[in-house]
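The values are calculated or read from the model by the stated rules, or taken from the named source; none is laboratory data. Since we're looking at a predicted model, the values are computed, not measured. Cβ: placed from backbone, ideal geometry, glycine included. Neighbour counts: every protein chain shown. When the accessible area is computed, the model is the full protein with side chains, heavy atoms only, and any ligands, DNA or RNA have been set aside. Shrake-Rupley method; radii C 1.70, N 1.55, O 1.52, S 1.80 Å.
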Amino acid sequence: MTDLTIKPDVLNYDDIRQMAPFFDGKPRLTKALMRFLAIDKVNSAHSNHCATPGVPFVQGLLNELNITTRINGQQHLDNLPQGGFITVSNHPFGALDGIMLIKIIGERRPDFKVMVNMILNHISAMRPNFIAVDALASNDPEKRAVSMRGIAQAISHVKQGHPLGFFPAGAVSKFTSNLRIEDRQWQPSVMRIIQKLNVPVLPIYFHGHNSLLFNILGMIDWRLRTLRLPAEVFRNKNKTFRISVGAPITPEQMTPHNTPELLGQYLKQQTYSMKQWTQKN
């Protein structure tokens, strides 16, 4: 069951000292770190809108940041599949893409939920639209139990006729060997869920990427990149993001791709095929 407890702050001193015991007993240093990483700005924006959790929160947050979207394939958004379906998306921003995904689908289907990692689950006002799993759960029985419950909840959600969103890479896009910013392999574990559910899949491509600094930090250590995420959100104030939405992919179209690896390659290719922006100005 998703924890729907809403608190004003995304991360506070107690959260940070639990994540990094080094900061225990150092509230002033922690406060300086929060300013440096723009966590204080995230907390303020979250507090401003957390009284209206879910899709209204997302709408309020994007309005405060003056972030707008332009859609290529609007007709597919206006004619979403009935009942349960799945969205798959690339993950170039790590936070904003999840926020925008909930906006564009959740405005039409308020019962839409997205599978996210435990870091994004700290955004408690978005938990009505989250199903949380722990990507680092393999060696921790308690964390594995959380992830197994999340997977079971996701499967039940779709079987009950509701839509579900995946970022199948399970991590933010990064530099490839040929210096392009792209998702890593789409994870077989996600593909197994998609195969099991046997419902239409809506591909969604987010154009753009985070800053060069963010991606260089990711080459050094993924944790440095993660710490940079709040600043990346506020770096994108007053911007318009382009999003391409493809036609639903039917279960019959997915059937020939009969292993998780082949299905992951196919769905990723179908999503990235929308990389060329075709909408007329």
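At a glance:
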{"quantity": "For Ile249, distant residues with modelled amide H under 5 Å away", "calculated": "Val201, Leu202"}
{"quantity": "Cα-projected label distance for Leu262 with Asp221, points at 7 Å along beta-carbon direction, nm", "calculated": "4.2"}
{"quantity": "For segment 60-72, Karplus couplings with θ = phi - 60° (6.51, -1.76, 1.60), whole Hz, Gly/Pro x", "calculated": "x, 5, 5, 5, 4, 7, 6, 9, 10, 10, 10, 10, 9"}
{"quantity": "Rounded percent of accessible protein surface that carbon and sulfur make up, segment 120-201, 1.4 Å probe", "calculated": "52"}
{"quantity": "FRET E, pair Ser44, Gln185, Förster distance 45 Å, beta-carbon r, rounded to 0.05", "calculated": "0.75"}
{"quantity": "Karplus 3J(HN,Hα) series, Hz, for segment 124-133 with 6.51 cos²θ - 1.76 cosθ + 1.60 (x for Gly, Pro)", "calculated": "5, 6, 9, 4, x, 10, 10, 10, 9, 10"}
{"quantity": "Ellipsoid semi-axes in whole angstrom, largest first, where each is sqrt(5λ) of the Cα gyration tensor of segment 118-222", "calculated": "26, 18, 14"}
{"quantity": "Cα principal axis extents for the chain, largest first, Å", "calculated": "58, 49, 42"}
{"quantity": "Between segment 58-108 and segment 228-265, the Cα center-to-center distance that results, in Å", "calculated": "11"}
{"quantity": "Carbon plus sulfur fraction of accessible area for segment 25-115, probe 1.4 Å, in percent", "calculated": "53"}
{"quantity": "In order through segment 201-209: 3J(HN,Hα) via Karplus (6.51 cos²θ - 1.76 cosθ + 1.60), integer Hz, x for Gly, Pro", "calculated": "10, 9, x, 9, 10, 9, 7, x, 6"}
{"quantity": "Accessible surface, per residue, of the chain when the full set of protein chains is kept, probe 1.4 Å, Å²", "calculated": "50"}
{"quantity": "Interchain or long-range residues, amide H under 5 Å from Phe130's placed H", "calculated": "Val114"}
{"quantity": "Amide H partners (placed H, <5 Å) of Asn72, local residues excluded", "calculated": "Ile243, Ser244, Val245"}
{"quantity": "Paramagnetic reach from Arg17 in segment 28-48 [backbone N under 17 Å; point 7 Å along Cα→Cβ]", "calculated": "28-35"}
